Amino acid sequence: MFSHFFGHYLLEKKHITADQLREVLALQDSVRVKIGILAIDAGYMTAEQVETAHRLQATFDMRFGEIAIGKGYLTEDQLTDLLSRQSKRHLLVSQALADKGIMSFEDIERVLAAYRRDSGFSDAEYQALKENDLDAVAASLARMPELGDPEVYAGYFALFTRNLVRFIDSGIAIRRAEKVAVTPFDHMVHQEMDGRFKIFTGFSGSGPAMAEFAARYARMPMDGFDDMARDALGEFMNVQNGLFLSKLSNDWVELELLPPECRSGGVIRAVGVAYAIPFHLPFGEFTFFIGLGSPIFN
Amino acid sequence: MARILVVDDSAVSRKSLKEILEHAGHEIVGEAGDGHDALEKYKSLKPDLVTMDITMPRVSGIEGLKNIVAADEEARVVMISALGQGAKILEALQNGARHYLTKPFEADKVLDAVAEVLAA
């Protein structure tokens with residue numbers, strides 16, 4: 001995760017080109033190791049157990065480690081060991097930049113310090129980013145004080161990012177939440193939840209980016225932003241919001257999911273408080289929206 | 001093996017269910033995109049079982065279920081829902097649904113629910 005945040009910064013500041021970023025990320029991806037693989041490598045879990053835990057992850061909003069411990073595949077000590085093996089992953093992008101001769105170690109040191117300053121991350125946030133703690137980073141960047149209970153709304157965005165990693169791509173970079181009133185979009189999928197209170201959520205992006213998102217979720221090729229792509233994006237929203245409502249219902253809050261909708265070439269106008277959070281995936285730029293009430297589209 | 005009508009406004013979900021059911025040897029005799037279309041197809045195709053999404057535009061899955069059960073009180077309907085829709089699932093079960101499934105689909109759970117309803 002750190003590599004995508006930092007890599008995106010390097011690109012924006014024109015320290016590297018898009019081709020160099022792809023090259024660096026490909027190199028670090030080739031050595032990036034997921035915890036399931038580490039567990040197999042360490043002899044803690046069998047491939048079948050890892051497969052089962054991955055399958056359960058698609059159904060329950062739980063981390064791989066939590067599921068593995070719950071199923072008795074891993075002990076707490078074994079999980080701690082595996083997490084410590086993962087914890088140095090943030091260094092891989094710097095190593096790749098140096099190995100490829102794109103930047104010197106001095107340049108890397110200087111730009112890392114600039115990134116630290118420009119990102120506005122607190123010490124705790126920066127540490128969370130380095131430790132690949134997506135939940136902590138997402139919740140921190142998704143501070144939306146005017147929406148209400150941060151556990152509910154920042155928690156919603158943290159769940160959204162977990163689903164991005166689970167279903168779409170782990171190469172995610174996120175900006176801070178900003179309050180918005182009127183925002184233009186190319187293509188958007190959104191869904192309302194109605195009951196004791198009413199909220200809407202969704203995200204927008206370019207046609208090719210939204211089509212690629214849909215293709216990855218549905219695990220089938222898409223011919224652009226067509227009906228099939230809209231269906232797949234709607235299903236992603238159904239799964240995301242279903243998981244969210246499932247957690248809310250544990251607190252005795254029942255909201256009804258309305259059918260997801262897709263729109264193209266318009267402007268979203270918030271009636272109540274609304275926030276936007278830009279995020280980047282390797283295949284495009286997106287903007288996440290969340291707000292109270294029903295939005296108006298022009 | 002059963003003749004099944006799949007009702008869902010999402011073509012992606014219909015495709016996913018169809019693959020799971022056909023792989024297990026069931027026959028998908030028809031597909032419908034809302035509760036109204038579902039009733040028409042139910043009457044003409046007379047399937048052994050219907051899978052019915054709850055959240056659909058125009059005529060919802062709950063309305064579709066009520067219409068089908070009103071036309072045939074022996075109808076075997078399995079409802080499909082996103083997670084977190086407990087109240088809607090309960091309403092469906094009170095209105096004659098025989099079982100329910102949640103998205104995203106797990107093949108084992110889909111086939112177990114279908115087998116249970118067909119055996120009852």
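The values are calculated or read from the model by the stated rules, or taken from the named source; none is laboratory data. Only a predicted model underlies this, so the values are computations on that prediction, with no experimental measurement involved. All Cβ positions, even for glycine, are placed from backbone atoms using ideal geometry, and neighbour counts span all protein chains on display.
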Q.
Looking at segment A:72-125 only, could you name the residues that are acidic (Asp, Glu) and either under 24 Å from A:Thr17 (Cα atoms) or in contact with a strand residue (DSSP E or B) (Cβ under 7 Å, 6 or more places away or on another chain) (or both)?
A. A:Asp99, A:Glu106, A:Asp107, A:Glu109, A:Asp118
Q: Please indicate, with yes or no, whether at least one residue in segment B:95-105 is in contact with a Lys or Arg (Cβ under 8 Å, 6 or more places away or on another chain) and buried (at least 23 other Cβ atoms within 10 Å of the Cβ).
A: no
Q | The listed residue being more than 10 Å from chain A (Cβ to nearest Cβ) and modelled with pLDDT under 95, out of B:Ala75, B:Ala92, B:Ala87 | A | B:Ala92
Q: With the checklist (1) facing chain A (nearest Cβ under 10 Å); (2) more than 11 Å from the chain's Cα centre (by Cα); (3) crowded, with 17+ Cβ neighbours inside 10 Å in hand, flag the one item B:Val117 doesn't pass.
A: (1)
Q. On the given criteria, is B:Ile80 touching an Asp or Glu at 6+ places or on another chain (Cβ under 7 Å), within 14 Å of another protein chain (Cβ to nearest Cβ) and under 20 Å from A:Leu233 (Cβ atoms)?
A. yes
(Q) Out of everything in segment B:8-24 that is outside any helix (DSSP H, G or I) and more than 8 Å from every other protein chain (Cβ to nearest Cβ), what residue ends up being surrounded by the fewest Cβ atoms within 10 Å (Cβ to Cβ)? (A) B:Ala24
Q) What are the residues in segment A:249-298 that are of a type in the set (Val, Ile, Thr), assigned to a loop (DSSP other than H, G, I, E, B) and without any contact (Cβ under 8 Å) to a residue 40 or more places away in the chain, if any? A) A:Val271
Q: Just need a number here: residues in segment A:162-178 that are crowded, with 16+ Cβ neighbours inside 10 Å and either part of a strand (DSSP E or B) or not assigned by TED's automatic domain parsing to the domain that holds A:Asn241 (or both).
A: 2
